[in-house]
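See below for the structure under consideration.
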Amino acid sequence: MDYPERIPNHIKETTSYKIFANHIPDSWIIRDVTERDYGVDCYVEMVNEKNQLIGDLACVQLKSMETIKWNLDGTYLFSKAKISTSNYWKGIPVPVFLFLTDNEKGSAYFLCVKNHIRNHYLKFAKQKSFTYRFSRGSDLFDINSGPSLFRLRYLWQGRRERFETEMKMFLSNLLNYQNFLDEHNHRDYHLPIESIELIFFESMFKNFEFLADYLLIQSNVGTLKELKAKSKETFPNEDYYELFEHDLTQIGEPLRELSKEIIKSLKALVDRENEYWMLVNLNLFNYVNNLNEDGDYRY
């Protein structure tokens, strides 16, 4: 008698799905999609430290292999994704992750699609073919450490658009920031910071704060709330003003040092993503490359 047969490819897809599901925390939610022919197999929604759903959603495309044949340098080149699919992934407004499973070993590897595209942008821009390079060491989705690494890459990509805006704000105001800190260095201890200057300082401070956090820079500057609290302790009888010249003098040097660290990290990032920036924003690429770490521009 003749019966329906399950084709091997469908079995491989089911195996890869099970491996993926077994690697993520039970608290995370897998949201299946009904159509899987357009580059997305499912969505993953993560929870925060309080097990709350706050909208941290990522797209996942699963690719399975019976055995991954790694190169001698510990990499594997995956070239089966169509360039049209990569274009689709790049345009999706949430982070997209490509997972590769080794069905024989039950292991999984993953990379952030948009980050990979930026790091190999010249080949992507040619729109002929595109290869995803997996690393056996750094891209392993280990059951224990994989979720934390996934969340880190998710946050990195999820905040990317804001990062580029904050980076441009930092670079375009770098001279203004330096002048502001110089002007408020060792001025009269008791002078209050007027409203318009406080608005500028708060904007600058938050700009530094976001970039330091995004670029994983350890900072001893503290928070704006902490700075204002210390100011209140120093000037307990002043209710109208939030900060004084004393406070800006105290925070000035730490902010200058943080600025240097941000410049150093931006130069490293732009260098790493040089193909992306040369094609997308050549002016910014040249400007960052010609910045000294102290913020001076060299020709």
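Please list, in chain and number order, the residues 5+ apart from Lys63 or on another chain whose amide H is under 5 Å from its amide H, with Hs placed from the backbone.
Excluding prolines and chain starts, which carry no amide H, the hits are Phe99, Leu100, Thr101.
Calculate the spin-label point distance for Asn237 paired with Phe200, positioning each point 7 Å from the Cα along the beta-carbon direction, and give it in nanometres.
3.0 nm
How high is the relative contact order of the chain, in percent, with contacts defined as C-alpha pairs under 8 Å that are six or more residues apart?
Working: 373 pairs, mean separation 42.4, N = 299.
Once divided by the residue count of the chain, the mean separation gives 14 percent.
Starting at the first residue of the range 78-94, write each ³J(HN,Hα) from the Karplus equation 6.51 cos²θ - 1.76 cosθ + 1.60 with θ = phi - 60°, in whole Hz, x for Gly and Pro.
9, 10, 8, 7, 5, 5, 5, 5, 4, 4, 5, 4, 4, x, 5, x, 10
Hey, which of these cross-link pairs are over 23 Å Cα-Cα: Lys18/Lys63; Lys50/Lys168; Lys18/Lys69? Working shown, then result.
Details: Lys18/Lys63 12 Å; Lys50/Lys168 34 Å; Lys18/Lys69 21 Å.
Pairs exceeding the cut-off: Lys50/Lys168.
Looking at the chain, send over the antiparallel percent of its DSSP beta bridges, to the nearest 5.
Working: 23 of 30 bridges.
Counting only bridges with both partners in the chain, antiparallel ones make up about 75 percent.
List the residues whose amide H sits under 5 Å from the amide H of Asp139, counting only those 5 or more places along or on another chain, with H placed 1.01 Å from N in the peptide plane.
none
Starting at the first residue of the range 241-253, write each ³J(HN,Hα) from the Karplus equation 6.51 cos²θ - 1.76 cosθ + 1.60 with θ = phi - 60°, in whole Hz, x for Gly and Pro.
Computed from phi, the couplings for the range 241-253 are 9, 9, 9, 10, 4, 4, 5, 5, 5, 5, 8, x, 5 Hz.
How much mean residue ellipticity at 222 nm does the chain get from its helices, if each DSSP H run of length 4 or more adds -39500 (n - 2.57) and you divide by all residues, to the nearest 500 deg cm²/dmol?
Details: 12 runs with 147 residues, N = 299.
Roughly -15500 deg cm²/dmol at 222 nm, from the helical runs in the chain.
Can you give me the angle between helix 8-23 and the longest principal axis of the chain, using Cα atoms only, in degrees from 0 to 90, rounded to the nearest 10?
40 degrees
Have a look at the range 111-199 and give its Rg and Dmax from the Cα atoms, expressed in angstrom.
21.6, 65
If you compute volume of the Cα convex hull per residue in Å³ for the structure shown, which of [x] 179; [y] 138; [z] 149 do you land on?
[x]
For Lys126, go through the aspartates and glutamates and keep the ones whose alpha-carbon is under 19 Å away, minus same-chain ones fewer than eight residues off.
Once the sequence-local aspartates and glutamates are set aside, what remains near Lys126 is Glu273, Glu275.
Which aspartates and glutamates have a Cα lying under 20 Å from the Cα of Lys82, excluding residues fewer than 8 positions away in the same chain?
Candidates past the 8-residue exclusion: Glu13, Glu35, Asp37, Asp41.
Roughly how many Å is it from the Cα centre of the range 104-122 to that of the range 215-262, as a whole number?
40 Å
To make sure I understand, if each residue's beta carbon is the centre and we count other beta carbons within 10 Å, what order do Leu216, Leu227 fall in, fewest to most?
Numbers: Leu216 9, Leu227 19.
Fewest to most other Cβ atoms nearby, the residues stand as Leu216, Leu227.
Nearest 10 degrees, 0 to 90: what angle lies between the long axis of helix 146-158 and the longest principal axis of the chain (Cα atoms)?
Helix 146-158 sits roughly 60 degrees off the main axis of the chain.
Explain nothing, just the number: dipole magnitude of the range 8-158 about its Cα centre with +1 on each Lys and Arg Cβ and -1 on each Asp and Glu Cβ, in debye rounded to the nearest 20.
Details: 20 positive and 15 negative charges, 152 e Å.
Here the size comes out at about 740 debye.
What are the ³J(HN,Hα) values, in whole Hz, obtained from phi via the Karplus relation 6.51 cos²θ - 1.76 cosθ + 1.60 with θ = phi - 60°, for each residue of the range 268-278 in sequence order, with x given for Gly and Pro?
5, 5, 5, 5, 5, 9, 4, 4, 4, 6, 5
Of Ile29, Pro93, Val44, which is farthest along the charge dipole of the range 1-142 in the positive direction, counting Lys and Arg as +1 and Asp and Glu as -1 at C-beta?
Among Ile29, Pro93, Val44, the one farthest towards the positive end of the dipole of the range 1-142 is Pro93.
All of the numbers you see were taken from the coordinates with simple rules; none came from a lab. Small disclaimer: the values here were computed from a predicted structure and weren't measured. Virtual Cβ from ideal backbone geometry, glycine too; neighbours counted across all protein chains shown.
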